[in-house]
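First the structure, in the form of structure tokens, and then the observations on it.
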Amino acid sequence: MTRKLSTLTMTLCLALALAAPAMAKQSLPVFTDLAETAGKAVVFISTEKTVQGGPQGFRQQIPEGHPFKDFFDQFERFFGPQPNQQRKMSALGSGFVITPDGYIVTNNHVIQGADKVMVKFQDEDKEYEAEVIGRDPETDLAVVKVKARKELPYLEFGNSDNAKVGEWVVAIGNPYGHSYTVTAGIISAKHRFLGAGPFDNFLQTDASINPGNSGGPLLNLDGEVIGINTAIDPRAQNIGFAIPSNLASKVIDQLKQGKSVKRGWLGVTIQPVSENDAKALGLDKPYGALINSVVKDQPADKAGLRQGDVIIGVNGETVESNSDLLRKIANMPPGHKAKLTLWRSGKEITRTVTLGERGENTMASAKPGQTKPATELGMTLRPVTNDREAQALGLNEPKGLLVTGVIPDSVAGAEGIRQGDVIIQANQTDVNSVAELKSQIDRARKRGAILLLVKRQGQNSFIALPLEKK
């Protein structure tokens, strides 16, 4: 009996071993139908814009510290300043059709500043000039339209909230101008923050994404768009980022109608709740958004919110972080009444706020995923550009550089620079652009450190950051 069972067991094991390759092959998805069908709605986008040419214009395109900068400096010493000339500059990207009459989604950074936007379809050699319908720099989204001679194949949005880490996805686009390239992978993470803009909440994927993929779709296996491919991490391979469809679709609906995007606004400045903050405040865990200032006579102030309150809920939904609060408020229109749950003096209270309208903020000068000029210190920055934002940050006027992100293990992170700080001066000199800060960094390099004047929660303090000598 034992021998018979052993023989049977061996037979079953052998059968399973022989069947395993076939079973594994059957379990892997096949993307051919998806690529063929969805690919017809993906477009190649090329742009033209006029820039200053000649030695001066070309010199402006060269980053600081590049050897060619020295060449042009020496050239001007001998021959004097050279006249500028205009020249045409082109850029490439991707997009996808969302309606049969020719509305197309892409990234704002693909078409920003373009004099002409051209669109090419997969099954046609002809290019079509597109009209820019609307742009939203804060989410890096744009809508353009072509005059369609026939009904166009189009893609529909899926629910990015339902997407799971480990789920198969497909990216289609035009990396480096290689048109209609299909790559596949999985969603490797969700809710990624890159410091690219105020509403960062990216899907991360290992489906290969490269320059030129920007604006193309990230598709689930049902052929639904769950993300718009937007950024890469230049330090890593096989890490790309996409704007979630649930964020994008709301913005695109407004842009498609030719409207500017209107977002709710509280009138507070906030910071994350650290573990020590949570202990000091009596919270059971670090979550929510800690209010560090309230703008006088603005929505939060009128509703009775105070400095030191922690916003832990919006309309019954938990607020996980300060960025989560920002997205929740911005997703509601101005005039909407939002019910906030606050943690104050060791207990929960509620307040209803009638939202104001968020002012127009410009994104950081670099495209998403690219390193900004000051990130050798480990922080991303943008100028403070309007009175409302200046007031919320405790400034008398728009000035300085707002810290939009800090890499934890960086020089800035180690010395205590935080997201939400405003850098007013560097080396006791006012700085109002990233280029001005970069210039001060270069001057301070011989000393081995740079002294920053930082405003935080209405208070000024000096912070010295060490610099690598070159």
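The values are calculated or read from the model by the stated rules, or taken from the named source; none is laboratory data. Note that the structure is predicted; figures quoted are calculated from it, not measured. Don't worry about glycine lacking a Cβ; one is built from the backbone with ideal geometry, like all the others, and counts go over all protein chains shown. To get the accessible areas, we keep the full protein, side chains included, count just its heavy atoms, and leave off ligands, DNA and RNA. Shrake-Rupley method; radii C 1.70, N 1.55, O 1.52, S 1.80 Å.
Couple of notes before you dig in:
- Hits in the range 181-220 (condition: more than 30 Å from Val384 (Cα to Cα), surrounded by fewer than 19 Cβ atoms within 10 Å (Cβ to Cβ) and either in contact with a helix residue (DSSP H, G or I) (Cβ under 7 Å, 6 or more places away or on another chain) or basic (Lys, Arg) (or both)): Asn210
- Contact map, the range 421-439: first residue within 16 Å of Met379 (Cα to Cα) and open to solvent by 40 Å² or more (accessible area, probe 1.4 Å), second residue small (Gly, Ala, Ser) and modelled with pLDDT of 90 or more, Cβ cut-off under 7 Å, separation 6 or more or different chains; pairs are Asn432/Gly400.
- Entry remark, the range 300-328: residues being farther than 13 Å from Thr269 by Cβ and either of a type in the set (Phe, Trp, Tyr) or under 28 Å from the mean Cα position of the chain (by Cα) (or both) number 15 in total.
- Residue in the range 441-470 that is surrounded by the fewest Cβ atoms within 10 Å (Cβ to Cβ), counting only those that are outside any strand (DSSP E or B) and within 27 Å of the chain's Cα centre (by Cα): Gln457
- The residue list Arg327, Arg344 contains one member that is among the basic types (Lys, Arg) and within 23 Å of Gln459 (Cβ to Cβ), which is Arg344.
- Looking only at residues in the range 321-350 that are more than 17 Å from Ala303 (Cα to Cα) and without any contact (Cβ under 8 Å) to a residue 24 or more places away in the chain, the one that is least open to solvent (accessible area, probe 1.4 Å) is Lys328.
- Selected residue (criterion: farthest from Gly420 (Cα to Cα)) from residues of the range 158-213 that are acidic (Asp, Glu) and in a loop (DSSP other than H, G, I, E, B): Glu167
- Val110 vs. criteria at pLDDT below 95, of a type in the set (Val, Ile, Thr), open to solvent by 50 Å² or more (accessible area, probe 1.4 Å) and not in a loop (DSSP other than H, G, I, E, B): no
- Being among the basic types (Lys, Arg) and in contact (Cβ under 8 Å) with a residue 40 or more places away in the chain holds for only one residue in Arg447, Arg418, Arg443, and it is Arg418.
- Asp253 under 30 Å from Glu131 (Cβ atoms), charged (D, E, K, R), open to solvent by 30 Å² or more (accessible area, probe 1.4 Å) and without any contact (Cβ under 8 Å) to a residue 40 or more places away in the chain: yes
- Of all residues making up the range 382-414, the number that are part of a loop (DSSP other than H, G, I, E, B) and touching a residue at least 12 places away in the same chain (Cβ under 8 Å): 12
- Annotation: of all residues in the range 256-282 being under 30 Å from Val143 (Cβ atoms) and open to solvent by less than 40 Å² (accessible area, probe 1.4 Å), the one that is modelled with the lowest pLDDT is Val261.
- Cβ pairs under 6 Å, 6+ apart, first in the range 215-239 and part of a strand (DSSP E or B), second at pLDDT below 85: Thr230/Pro368; Ala231/Pro368; Ala231/Gly369; Ile232/Gly369
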